[in-house]
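The values are calculated or read from the model by the stated rules, or taken from the named source; none is laboratory data. These figures come from a predicted structure and were not determined experimentally. So basically every Cβ, Gly included, is an ideal-geometry build from the backbone, and we count neighbours across all protein chains shown. Each accessible area value is taken on the protein alone, full model and side chains, heavy atoms only, with ligands, DNA and RNA left out. Shrake-Rupley method; radii C 1.70, N 1.55, O 1.52, S 1.80 Å.
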Amino acid sequence: MLCERGIRTYEKASRNTFDVNAIPILKEKTHLPVIADPSHGVGIREFVEPVALAAAIAGADGVIYETHQKPEEAFSDGQQTLDFTESERLIHKLKKIHELNFSV
């Protein structure tokens, strides 16, 4: 399994730079499943959903992200953690993308 979770760059707008184009490239070059971790990749709660959706459309075999009932009380990384309502909304949207079969 391979996991795209962002790389450090000079960019300061987010924690890391999430390389969505790596997903279809890796899927072409390897037999391994490619998983996306937008929580770590972007590090900012409000951007986790759009990055996760982009990863799914790019062909990611799965998406992992952090969720907590009260992200502000999470032991770590609360700033990038979705609450349960946000998580439910994201799962619903990811299922819709999966139904459309946007795979490479």
message = Can you compute the label reach from His92? Point 7 Å from Cα along the Cβ direction, backbone N cut-off under 17 Å, restricted to segment 32-59.
response = 49-50, 53
Highest-fluctuation residue, Ile64, Ile44, Ile23 considered, GNM on the chain with Cα pairs under 10 Å = Ile64
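Protein chains only, probe 1.4 Å: how do Thr67, Thr81 rank by accessible area, largest first?
Largest to smallest exposure gives the sequence Thr67, Thr81.
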inquiry  = Tell me the label only: which of (i) 40, 35, 21; (ii) 65, 31, 20; (iii) 59, 34, 17 is Cα extents along the principal axes in Å as calculated from this structure?
reply    = (i)
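Express the accessible area of the chain per residue in Å², computed with a 1.4 Å probe while the remaining protein chains stay in the model.
Details: 6630 Å² over 104 residues.
In whole numbers, the chain has 64 Å² accessible per residue.
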request  = Taking only Cα atoms and a 10 Å spring cutoff, compute GNM fluctuations for the chain and point out the largest among Gly41, Gly59, Gly78.
outcome  = Gly78
ask   = In the Gaussian network model of the chain, springs joining C-alpha atoms below 10 Å, which of Ala52, Ala13, Ala36 carries the largest mean-square fluctuation?
value = Ala13
query = Can you run phi through the Karplus equation (6.51, -1.76, 1.60; θ = phi - 60°) for segment 80-86 and list ³J(HN,Hα) in whole Hz, with x for Gly and Pro?
reply = 10, 9, 7, 7, 5, 5, 4
query = How many times 2.2 N^0.38 Å is the alpha carbon radius of gyration of segment 32-75?
reply = 1.21
